[in-house]
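Have a look at the structure below before the remarks.
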Amino acid sequence: MLYQEEIEGTIIKAIAGFYYVATVESGIYACRARGLFRKLGIRPLVGDRARIRVTDEQDKEASLNDILPRRNALIRPSVANVDQALLLFSLRSPDPESSLLDRFLVLMENRKIPVILCFNKTDLVQEKERCFWKERCEACGYTVFLLNAVKGEGVDALRSLLRGKTTVITGPSGAGKSTLINQLQDTVRMETGEISTKLNRGKNTTRHAELIPCGNHTFICDTPGFTSLDMPGIEAQNLDSCFPEFSSFRPECYFPDCAHMEETSCGVIRAVKEGKIAEDRYASYRRFYEELKEREKRRY
């Protein structure tokens with residue numbers, strides 16, 4: 001029997017050309033997207049609110065007819081309509097990379113998505129190293145948690161920040177995302193992986209983004225791990241706004257369009273010399289700025 005009514009739901013998973021849409025009253029439907037999406041260059045994303053038309057109620061099949069307006073969208077990880085991002089790095093195996101961490105923070109700042117920073121595997125490092133990463137990121141204005149996800153240490157403190165929100169959990173492969181997600185909810189059990197001793201990198205156990213319910217109006221989105229990130233949609237002239245610790249020093253710059261690179265009387269450069277901005281954060285800024293300028297040259 002065919003059904004013609006349209007109903008609304010949320011895309012919770014996308015695999016092999018099927019979009020799984022969860023509805024409030026009727027459950028989850030496996031949907032094929034209309035060819036119109038491809039013609040218009042629209043790619044449905046996990047987290048999208050969508051309209052579907054039921055084609056087979058018994059087998060829970062439907063067509064994906066429309067994507068409702070998005071509040072925000074990320075390319076990597078590919079997810080839409082998130083309230084916040086939980087970025088998980090490990091303190092050892094694999095070791096944290098400041099440039100990769102800063103690159104992700106820039107992406108979230110550019111999208112105006114709040115970030116919760118978590119450093120996992122606290123049992124593998126000394127107190128001095130734990131404090132270094134926590135203090136480095138808190139000085140930039142971020143909320144930081146130290147975790148041992150295997151033992152559940154520090155996980156309870158996270159739950160209140162996730163309640164009632166859709167949170168995308170992402171980070172490098174091997175940081176422990178699947179282990180953390182298993183601690184945060186008991187609806188879906190995520191496969192956990194091992195670390196490659198040759199590359200000191202994690203083996204990716206998540207191959208697609210997926211929304212997982214973990215309480216009333218609360219969702220976490222698991223995403224594939226990454227080892228590198230591009231910065232699409234960011235212009236060099238706007239990069240400084242993606243470093244929140246620069247904001248109080250920008251008014252001290254002599255030039256209103258100061259790039260904070262080689263200019264004299266630059267408030268940001270002065271703050272770096274005075275130890276008010278971390279040198280490695282500023283090094284990341286310079287690296288990203290030059291990368292974006294080079295990309296702009298190739299564009300024109």
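The values are calculated or read from the model by the stated rules, or taken from the named source; none is laboratory data. The model shown is predicted, which means the values in this text are computed figures rather than measured ones. Cβ atoms come from the backbone with ideal geometry, glycine included; neighbour counts cover every protein chain shown. Note: areas computed on protein heavy atoms with side chains; ligands, DNA, RNA excluded. Shrake-Rupley method; radii C 1.70, N 1.55, O 1.52, S 1.80 Å.
Ligands, DNA and RNA left out, the 1.4 Å accessible surface of the chain is 49% carbon and sulfur atoms. Under 16 Å of direct C-alpha separation, and excluding same-chain neighbours fewer than eight residues apart, residue 297 reaches these aspartates and glutamates: 235.
Summing charges over all other residues whose Cβ lies under 13 Å from the Cβ of residue 8, with Lys and Arg as +1 and Asp and Glu as -1, gives -2. The H on the amide N of residue 79, modeled in the peptide plane, is under 5 Å from the matching H of 74, each at least 5 residues off or on a different chain. Straight-line reach from residue 177: which lysines fall under 19 Å, measuring Cα to Cα and dropping same-chain residues less than 8 apart? Hits, sequence-local ones excluded: 13, 121, 134, 151, 165, 203.
Taking Cα centre as origin and charging only the Cβ of basic (Lys, Arg, +1) and acidic (Asp, Glu, -1) residues, the dipole magnitude of the chain rounds to 520 debye. Candidates 225, 147, 271 compared by Cα position along the dipole of the chain: farthest toward the positive end lies 225, with charges placed on Cβ. Each Lys or Arg adds one and each Asp or Glu takes one away; over the other residues whose Cβ falls under 14 Å from the Cβ of residue 283, this sums to -1. Taking the Cβ-Cβ separation of residue 130 and residue 57 as r and a Förster radius of 41 Å, what is the calculated FRET efficiency to the nearest 0.05? In this case the efficiency is close to 0.15.
Were the residues from residue 70 through residue 274 laid out at 0.36 nm apart, the gain over their Cα-Cα distance would be 69.2 nm. If you plug the beta carbon distance of residue 286 and residue 32 into 1/(1 + (r/R0)^6) with R0 = 35 Å, you get a FRET efficiency near 0.15.
Only protein heavy atoms count here; on that basis, with a 1.4 Å probe, residue 60 has an accessible area of about 60 Å². Count Lys and Arg as plus one, Asp and Glu as minus one, and take only other residues whose Cβ is under 10 Å from that of residue 73; the net charge is then +3.
Round to the nearest 0.05 the FRET efficiency obtained for residue 238 and residue 40 when R0 = 25 Å and r is the Cβ-Cβ distance. Could you put the intermediate results ahead of the total?
Working: r = 28 Å, r/R0 = 1.12.
Using R0 = 25 Å, I get an efficiency of 0.35.
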